[in-house]
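J.: Below are the structure tokens for one structure; questions will follow.
The values are calculated or read from the model by the stated rules, or taken from the named source; none is laboratory data. What you see is a predicted model, and the numbers here were worked out from it, not measured in a lab. A quick note on method: Cβ atoms are made from the backbone with ideal geometry, for glycine too, and the neighbour counts reach across all protein chains shown.
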């Protein structure tokens, strides 16, 4: 299975109402310091929403980029019960999904 598919398959495990980070997702597939690569793979996600790349955020808790814009990503996360203030997840510690 190629890397993109391995990453997308892992991402499917992140439940609604939770987020993970690019770094955590990278580690989950055995990449060391592969956060940027994961970001590039998220950007070319062929099935947005189905493969929930909107649930991947920066390690600082910032929402980060999204192919359809940060506002769309923020709205999607809000709809899943994740509170965001000033572009940052309010309760990242309790909303964080670790593989």
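J.: From the residues in the range 21-65 that are part of a loop (DSSP other than H, G, I, E, B) and within 22 Å of residue 88 (Cβ to Cβ), which one is farthest from the chain's Cα centre (by Cα)? Before you say what the answer is, go through the steps one by one.
T.: The initial filter retains those residues of the range 21-65 that are part of a loop (DSSP other than H, G, I, E, B), namely 29-34, 44-47, 49-50, 52, 58-61, 63-65.
Next, from what is left, pick out any that are within 22 Å of residue 88 (Cβ to Cβ): 52, 58-61, 63-65.
Values: 52: 7, 58: 8, 59: 10, 60: 13, 61: 11, 63: 9, 64: 9, 65: 10 Å.
Among them, the one singled out is 60.
J.: Is it the case that some residue within the range 16-26 is at pLDDT below 95 and surrounded by fewer than 18 Cβ atoms within 10 Å (Cβ to Cβ)?
T.: Scanning the range 16-26 turns up no residue that is at pLDDT below 95 and surrounded by fewer than 18 Cβ atoms within 10 Å (Cβ to Cβ).
J.: Let me ask something else. For residues in the range 69-86 being in a loop (DSSP other than H, G, I, E, B) and loosely packed, with under 13 Cβ neighbours inside 10 Å, which is modelled with the lowest pLDDT?
T.: 69
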